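Engineer: My questions will all concern the structure given below.
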Amino acid sequence: MKNNIIRISILACILLSGTLFHAQEHIRFSDVEHWTVTELQPYVGKTVVFDQPVYTCNNYSGLTASLHRVMSPTNQYEPLTAEYNRLVTVNNNSTFYLNGLSGYHRMGETIYGLTAKINSANSLTYISSVSITGTRSDMESGYPTVDIAHDSTNSIAQHNLLVCAANLEYYLVENLGTGFGADNTSEQQKQHTKIMSALSKINADIYGFVEIEQGQAALQKIATALTQFTGRNYAIINDGGNSSGSYTKSGYVYCSDVVSPHGGLRNNNVRLSNRKKMQAFTHKATGERFIFSLNHFKAKSGGNANGDPQGAYNADRVQEAQSVLSEYNANKSYYSDEDILIMGDLNAYAKEDPIITLIEGGMTDLHRYFHADSSYSYTYHGQAGYLDHALCNSTMLQQVTGMSVWHVNSDESDSYTYDKSNDLTMFRYSDHDPVLVGLRLGARLAISDKETDIPGATISWQGGRIHIQNAEGGRYSLTTPFGQVMISEKIDSHDFLSSQAIPKGLYILNLYANGRVERKKYFVN
């Protein structure tokens, strides 16, 4: 290759030996899941062009990057299994410092065609790139920002009810200056402005908030602001409590134009008080009802984990998960309905014991159901995963049109929080992303497994692009094995050809159409 430029493509064709091979340079690498930065050692001092997309991983103390999005090991695999141990090793050895890329960059940005100088095995200097996606402008323009609740073009498909669960990171209005949440009225107003900038764009029919001040004043302030911003009428579920110090709770705000509460609030105080609640809502247009279980489990910090990668108090969180199932079984006859949607910050990643407890209790993880391994709502030390969950039982699943996470917080530097800046945008209003679930109450959509074909739909490849037929009005996404969303597009024609060329590699294709989901693995060579 001319000009001393070496072109490396990690994902190429798989040899029988199990290694990866690039036809142009005949450079052998380990399997992409085992790729480490030591692979760059022979090229120190040289310029490299990456055919494989590069992902920014951490923007806290210098920008780091990797050839895959770095995921929390217990979000992908059960703790201490062989797969878990392998991912721990990969995470520890696969990131490098990326110097010289000017401006602010969010975690999770995708750099295509990166040209960089190799300084050492774990340090590169940016020279140029073909494109960078996942920026703030992409977040603003690529996600519905006007009337998401009734916009059938978004990733939650055509629904008649939108539910949002959001961690507000200590939203207080009365007990300021306690060391938690806002310290003064100026900070509180900035926090409120940032939160409302996001919530008013989401425009959900029902909100479930965690880390919001006990009592009713904080909930009421948000309900009043939502009414003002959206022109719709919002109300709160009053739990009868009073504000007390910096303690936070879980609470509901709902659009009274669309739904009405059915029955009374059920408060589950196992292990922690005022943080696990259950309320049924009736959809006025259809008369259909469902139970919304809102939860905030005990945090991982503050105790001795004793070597458990699930963090401290795992047994407490398992007990909380069990109590949620018990409360559901005890109250579904009271609410005269068995459909349940469980949401909230469960402080446990997808493959940890509390979530397994819920799944073994008959619940489906909607992150996995709709997005395979690609979902995340929280980033810790550059590793992404989801602590913020959406699960449901089988009868509820037949009425779920989709779920999505809006990455308005987790990929942002905390230098944009209300207490560290004067930034009043929606970005980084919290440290957790909001989770959205679309419902079509009264429907009975087909429940698909991972390999169920969508009737009539066909998928093929043309010139490095995805060709889909007979799925108009649906949507597809393409993710890497490590969960990075490469492409997400609406299928807007009967004979659809993606507008984007797809780099060589192994991908998971998720096709959502006609109330069904299809997932398949594809290798592009």
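Engineer: Work through the residues other than R136 whose Cβ is under 12 Å from its Cβ and net out their charges, Lys, Arg +1 and Asp, Glu -1.
Structural biologist: Net of charged neighbours comes to -4.
Engineer: Determine which residues of segment 222-238 fall in the zone a paramagnetic label at S260 would reach in this model, i.e. backbone nitrogen under 17 Å from the point 7 Å along Cα→Cβ.
Structural biologist: 233-238
Engineer: Could you tell me the calculated FRET efficiency between L424 and S460, based on Cβ-Cβ distance and R0 = 56 angstrom, to the nearest 0.05?
Structural biologist: 0.75
Engineer: Sorted by packing (mean other beta-carbon atoms within 10 Å per residue), highest first, where do 353-364, 297-308 land?
Structural biologist: 353-364, 297-308
Engineer: What is the spin-label model distance, in nm, from D183 to S323 if the labels are put 7 Å beyond Cα along the C-beta direction?
Structural biologist: 3.4 nm
Engineer: Multiply the residue gap between N242 and T47 by 0.36 nm, knock off their C-alpha separation, and tell me the result in nm, one decimal place.
Structural biologist: Between N242 and T47, full extension yields an extra 63.9 nm.
Engineer: Give me the extension gain from S415 to T89: residue separation times 0.36 nm, minus the current Cα-Cα distance, reported in nm with one decimal.
Structural biologist: In short, 114.4 nm is gained.
Engineer: How much net charge surrounds G179 when only the other residues with a Cβ under 13 Å from the Cβ of G179 are counted, with Lys and Arg +1 and Asp and Glu -1?
Structural biologist: Overall, the nearby charge balance is -3.
Engineer: Still on this structure, please answer the following. Treat each spin label as a single point 7 Å out from the Cα along the C-beta direction, and report the Q500 to T81 distance in nm.
Structural biologist: Modelled inter-label distance: 2.9 nm.
Engineer: Could you give each residue of segment 111-118 its phi-based ³J(HN,Hα) in whole Hz, using Karplus coefficients 6.51, -1.76, 1.60 with θ = phi - 60°, and x for Gly or Pro?
Structural biologist: Karplus values, whole Hz, x for Gly and Pro: 9, 9, x, 5, 10, 8, 8, 8.
Engineer: I want to make sure I understand the PRE zone here: with the label point 7 angstrom from the Cα of S120 toward its beta carbon, which residues in segment 82-106 have backbone N atoms less than 11 Å away?
Structural biologist: In segment 82-106, the label zone of S120 (backbone N under 11 Å from the point 7 Å along Cα→Cβ) covers 97.
Engineer: Same structure, new question: Ranked by Cβ crowding within 10 angstrom, fewest neighbours first, how are I459, I508 ordered?
Structural biologist: Fewest to most other Cβ atoms nearby, the residues stand as I459, I508.
Engineer: Calculate, in nm to one decimal, what I359 and H467 gain on full extension: separation in residues at 0.36 nm each, minus their alpha carbon distance.
Structural biologist: Computed gain between I359 and H467 is 35.4 nm.
Engineer: Would you mind counting up the charge near Y376? Only other residues with Cβ under 11 Å from its Cβ, with Lys and Arg at +1 and Asp and Glu at -1.
Structural biologist: Residues near Y376 contribute -3 overall.
Engineer: Mind computing the radius of gyration and Dmax over the alpha-carbon atoms of segment 138-439? Å is fine for both.
Structural biologist: 17.8, 52
Engineer: Using the Karplus curve 6.51 cos²θ - 1.76 cosθ + 1.60 with θ = phi - 60°, what ³J(HN,Hα) values do you get for each residue of segment 339-344, in whole Hz, with x for Gly and Pro?
Structural biologist: Once θ is set to phi - 60°, the couplings for segment 339-344 become 5, 9, 10, 9, 9, x Hz.
Throughout, read-outs are computed from the coordinates displayed, never taken from laboratory work. This one's a predicted model, so the numbers in the text were calculated from it and none came from an experiment. All Cβ positions, even for glycine, are placed from backbone atoms using ideal geometry, and neighbour counts span all protein chains on display.
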